[in-house]
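Before any comments, here is the structure.
The values are calculated or read from the model by the stated rules, or taken from the named source; none is laboratory data. From a predicted model like this one, the values you see are computed outputs, not experimental measurements. Note that each Cβ is placed from the backbone with ideal geometry, even for glycine, and that neighbours are counted across all protein chains shown.
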Amino acid sequence: MLSKIAAGNGHAEESAYFDGWKAYENDPFHPVDKPHGVIQMGLAENQLCFDLVKEWILKNPSASICTVEGVDQFQDIAIYQDYHGLPEFRKAVARFMEKVRGEKVKFDRDLRWRTGVQLVPVLCNSSDNFKITKSALEDAYERAQDAKIKVKGLLITNPSNPLGTVLDKETLISILAFTNEKNIHLVSDEIYGATVFGQPKFISIAEIMIDQPHNPDLIHIVYSLSKDLGFPGFRVGIVYSYNDNVVNCARKMSSFGLVSTQTQRLIASMLSDEVFVERFLVESSKRLEERHRAFTWGLNQVGIQSLKSNAGLFVWMDLRHLLQDATVEAELTLWRVIINEVKINVSPGSSFHCSEPGWFRVCIANMSDETMDVALRRIRSFVLKKKNVAKPPVVSTKRKCWQTNLQLRLSNKRLDDFMGISQIGSPHSPLPQSPLLRAQT
Amino acid sequence: MTQPHSPSPTNEPLSPTTSTTTTTTTTSTTTKPPAMRLIVPLQGVVQGRGGLILGSIIPCALFYFYQLYLKKHRRRPPPPSQTPPFLSPTSSSTDLTRSSSRPNLRSSSSLGPAPVSGRAHGLSKPNVSPYYIGLDRFREDPYCPSVNPDGLCMDLIEKWVVEHWEKSMGSELGINGIATYQPLDGLMDLKLAMSDFMSMVMGNVSIDPSHLVLTCGATPAVEILGFCLADHGNAFLIPAPYYAGFDRDLVRTGVELIPVHCRSSDNFTFSITALEQAYNNARKRGVKVRGILLSNPSNPVGNLLPKETLHNLLDFAREKNIHIISDEIFAGSTFGSEEFVSIAEIVDWEDLDKDRVHIIYGLSKDLSLAGFRVGAIYTANENVLTASKKLARFSSISAPTQHLLISMLSDKRFIQEYMVTNRKRLKIMHDSFVSGLEQLGIRCAKSDGGLYCWVDMSALIKPYNEKGELELWDKLLTTGKVNISPGSAFHCIEPGWFRCCFTTLPEADVPLVMNRIKKVVESCKSSS
């Protein structure tokens, strides 16, 4: 009696990525009540700067329609359901996006918003530091064509999730040239744009467009307040496109995901406060850098390397040397150990379609310094314990009781990747069979 | 009334792709666009049925000329469709001025405009429905009375907020708790508060909070159920006239809405016979009906379904083994002598029937909080619940809003007072409008709920058809400066009916509205 969409597994929530979250939900860490619970390091949230935001809210009661100062606006805000959104909200977000990109570009086109992201794997290797190479793009394109799949666009995340690296100018230029040549869309998800610290600086595709040949109708930017500001609960996403048809359509589709006007109003006020925004961006960057340095140093001490990165809310950790063999199964075995024994929820590289087993994404911005210390201690003692063991024990084929909670559905991911069919495992991606983004082949 | 057009899923607009694209099967029953007709016969030749020469020269030649045609006509704007001659579709009036960033960007594409998806193409067509055109015209030139209520009881809510600002503001102060990721189908506390509220509004039926999926408005709730209960190309039966937004809400699902026309002689209540007929006709066409979608209280008529009709409806659904989606968003906006009966009241929740009944609700009408985007799906079908929860990730309610509403809805005393006052004021406005129109010789359908009257202006239209109705609509809008929606926008089969919303004006302005309508009525009578 159900539709195919409802009855199917297209939601892709049965992957290691989500299994880790479930493990955390069953036994969450709390410094006092549950000191041995699972520490959540699989969720890319930015909790480092809430104090700044709280201070601003207290100082600006009229931004909220729930205060004596702001309630005069309540009625107008409560009934407003124009899918253009509040004009001051659009302007404030556009201005914020410009600031994040170092004021090098202007976002003066109208902003529309709707979340919806789909991934098509283009294989990148650690030997290249996971750079996106032209040959990898061409290869992926050909594979898709061989499989009779029509490529409609390329989606990149810059700064990268899960790598935390910033795309350099040459790579961006080559990507733009590639999509231009194939006449396909380029969607640049720049949701981590303001989580960059140090060098190299973040370069938006909007900046590259200024002096590179391209078709503006093909370029679209996705953004959100979930990472840079740390407001995923507010549900604010942005589609920025240079294509009128896309903007028109997105505006109409946004009926299915309009941002609450109460939220629009609050964010509009907050982001219009230029002094606050400047301070926030600087402070946030600083705290991320400190956190990043502390964590990677702690890992280094026990011989764990991570990919050199300067953005994102996470670290791309290299545990290849701890694997029994270079297979996805071994990676997942190690992952289960990390969840169940070390009690940390990290996300295995295979859930991000990484072609090399042994890499893990560890989120580091969603906890206090104390919890971070606990996490590092656990990782270090685990690694040291492993080193002290002469030879890693052969993994018993008999299922242990602690394995029963984690049911992993491993469809033939490898084959599917080569076929270019995606089985999604990314945090803000929709169903792979999402009708919204199902490409017309 | 023609069926609402649903865009063909395989509509590839003007794409200069190779002619050897694989044939895509379509399950849509709408006609294929011209591009596809070109490719299909081409394939026959290409597949070698025409021999080597025919198989290569002819397709190449055709393709070459096709490219020439595209190049020549690339800049031609899309042809306007279905637009009455005296109206222009809304496009530029709603767009804001475009930016200066485009002239700075160099473009060097030689392959023509990159095609967007068929779905985007369909959706980006200008709004030609008078329903939306009227709204746009209002925005361009709105009437602003000295006292502007906008929602009959907004004053009560504002008062509550001021008195309880610490509780409601606390939502933003406690930012550490609410800014982070929340359950995507709504906080449990809000589900609890909503279930209590819905239970009260729907006449003390029992609403289980664990059977709720919260969404950012009723719009995504409708779509989500569309995705869960039907496949692309299937259909829902829907008693007509029906809410114009349902067509848009289901566009992406590919579900066809088959109107089951109701008559004024029945006060626009549907009959099971009519449902049966529509079901059979669909079957003959090869279209699978997966459910019935209806609104109760009805939009645009405002009538309430009696218990017996609900029972018959359930029997019918059981017999055909299909779903019922009952949109009860106006459940708290009743004012007449009839009592509202929710379908929740007649379903035996222990029985198999619980798997086929799904309710949609939201706070946009009963609490006038349309901007906050709060909707809900209520279903006891475990599979639908699970699937809806997953789909709800695209349509979550903003966290500060959830917190504000938890406080507000939990204040039972306030909510009681609000609902009583709301009903009282609705009745006053409804009666005022109905009697005002009666004095002009215009009658309204009997209604006991909703924020509108369903008005019979058929005597004033000439000719007695959709064209005449739209002419009157235009007159009312342009000359009378009153935006009321023509029945054709709601797929009403009888011309001349209009939906007139009465909750956006203060009571003192009713005579003003009547005066304006009177002028138009008089001009119609004098010209006939």
So A:Ser255 passes all but one of these: (1) more than 7 Å from chain B (Cβ to nearest Cβ); (2) in a helix (DSSP H, G or I). Which condition number does it fail?
(1)
Qualifying residue in region A:297-315 (condition: out of contact with any Lys or Arg (no Cβ under 9 Å at 6 or more places or on another chain) and under 18 Å from A:Phe231 (Cα atoms)):
yes
Filtered residues of region A:279-336 (kept if of a type in the set (Ser, Thr, Tyr) and not in a loop (DSSP other than H, G, I, E, B)):
A:Ser284, A:Ser285, A:Thr296, A:Ser306, A:Thr333
Please verify whether region A:80-93 includes one or more residues that are hydrophobic (A, V, I, L, M, F, W, C) and touching a strand residue (DSSP E or B) at 6+ places or on another chain (Cβ under 7 Å).
yes
Please tell me if A:Val222 is within 9 Å of another protein chain (Cβ to nearest Cβ) and closer than 15 Å to A:Val93 by Cα.
no
Filtered residue count, region B:261-281, keeping only those that are buried (at least 22 other Cβ atoms within 10 Å of the Cβ) and within 15 Å of B:Ser488 (Cα to Cα)
2
Test: B:Val341 is within 14 Å of chain A (Cβ to nearest Cβ) and touching a residue at least 60 places away in the same chain (Cβ under 8 Å)
no
Would you point out which residue out of A:Gly303, A:Gly233, A:Gly257 is without any contact (Cβ under 8 Å) to a residue 60 or more places away in the chain and of a type in the set (Gly, Ala, Ser)?
A:Gly233
Quick one: how many residues across region B:349-397 are touching a residue at least 60 places away in the same chain (Cβ under 8 Å) and assigned to a strand (DSSP E or B)?
9
Please tell me if B:Val384 is among the aliphatic types (A, V, I, L, M), within 7 Å of chain A (Cβ to nearest Cβ) and touching a helix residue (DSSP H, G or I) at 6+ places or on another chain (Cβ under 9 Å).
yes
For A:Lys134, only one of the following conditions fails: (1) within 23 Å of A:Arg361 (Cβ to Cβ); (2) in contact with a helix residue (DSSP H, G or I) (Cβ under 6 Å, 6 or more places away or on another chain). What is its number?
(1)
Are there any pairs, at least 6 apart or on different chains, whose C-beta atoms fall under 6 Å, with the first in region A:174-193 and farther than 17 Å from A:Asn161 by Cα and the second polar (S, T, N, Q) and surrounded by fewer than 19 Cβ atoms within 10 Å (Cβ to Cβ), and if so, which?
A:Leu176/A:Gln212
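Could you list, in sequence order, the residues of region A:210-223 that are closer than 30 Å to A:Glu283 by Cβ and crowded, with 23+ Cβ neighbours inside 10 Å?
Within region A:210-223, A:Ile221, A:Tyr223 meet the criteria.
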On the basis of being within 14 Å of chain A (Cβ to nearest Cβ) and either at pLDDT below 95 or surrounded by fewer than 16 Cβ atoms within 10 Å (Cβ to Cβ) (or both), does B:Asn321 make the cut?
yes
Within region A:305-346, residues under 20 Å from the mean Cα position of the chain (by Cα) and under 18 Å from A:Cys124 (Cα atoms) come out as A:Ser306, A:Leu307, A:Lys308, A:Ser309, A:Val315, A:Trp316, A:Met317, A:Asp318
Give the residues of region B:221-249 that are on the phi > 0 side of the Ramachandran plot and within 10 Å of chain A (Cβ to nearest Cβ), sorted by residue number.
none
Checked region B:236-294 for anything in contact with a Lys or Arg (Cβ under 7 Å, 6 or more places away or on another chain) and either of a type in the set (S, T, N, Q) or in contact (Cβ under 8 Å) with a residue 60 or more places away in the chain (or both); matches are B:Phe236, B:Arg252, B:Asn267
Can you find a residue that is among the hydroxyl-bearing types (Ser, Thr, Tyr), more than 8 Å from chain B (Cβ to nearest Cβ) and in a loop (DSSP other than H, G, I, E, B) anywhere in region A:238-249?
no
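Within region A:177-219, count every residue that is part of a helix (DSSP H, G or I), within 14 Å of another protein chain (Cβ to nearest Cβ) and under 30 Å from A:Gln47 (Cβ atoms).
Keep residues of region A:177-219 that are part of a helix (DSSP H, G or I), which gives A:177-182, A:193-195, A:205-211, A:216-218.
Adding the requirement that they be within 14 Å of another protein chain (Cβ to nearest Cβ) leaves A:177-182, A:205-211, A:216-218.
Checking the rest, the ones that are also under 30 Å from A:Gln47 (Cβ atoms) come to A:205-207.
Within region A:177-219, residues that are part of a helix (DSSP H, G or I), within 14 Å of another protein chain (Cβ to nearest Cβ) and under 30 Å from A:Gln47 (Cβ atoms) number 3.
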Does region B:261-272 contain any residue that is within 19 Å of the chain's Cα centre (by Cα), of a type outside the set (Lys, Arg) and on the phi < 0 side of the Ramachandran plot?
yes
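Residue-wise test of (1) modelled with pLDDT of 95 or more; (2) within 14 Å of chain A (Cβ to nearest Cβ); (3) closer than 29 Å to B:Leu190 by Cα.
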position	(1), (2), (3)
B:Val251	no, yes, no
B:Val260	yes, no, no
B:Asp266	no, no, no
B:Glu276	yes, no, no
When the residues of region B:362-414 are filtered to those that are crowded, with 24+ Cβ neighbours inside 10 Å and among the β-branched types (Val, Ile, Thr), which remaining residue is farthest from B:Asp196 (Cα to Cα)?
B:Val384
Looking at A:Val38, is it among the β-branched types (Val, Ile, Thr), facing another protein chain (nearest Cβ under 7 Å), crowded, with 19+ Cβ neighbours inside 10 Å and closer than 30 Å to A:Leu376 by Cβ?
no
Yes or no: region B:436-446 includes at least one residue that is touching a strand residue (DSSP E or B) at 6+ places or on another chain (Cβ under 9 Å), modelled with pLDDT of 90 or more, assigned to a helix (DSSP H, G or I) and on the phi < 0 side of the Ramachandran plot.
yes
Wholly enclosed helices (runs of 4 or more DSSP H) of region A:32-151 bearing at least 2 residues modelled with pLDDT of 80 or more:
A:50-59, A:87-100, A:134-146
Please work out which residue is surrounded by the most Cβ atoms within 10 Å (Cβ to Cβ), limiting yourself to region B:158-197 and to residues that are closer than 14 Å to B:Leu369 by Cβ, facing chain A (nearest Cβ under 7 Å) and modelled with pLDDT of 75 or more.
B:Val161
Quick one: count up the residues across region A:356-405 that are part of a helix (DSSP H, G or I), at pLDDT below 90 and basic (Lys, Arg).
4
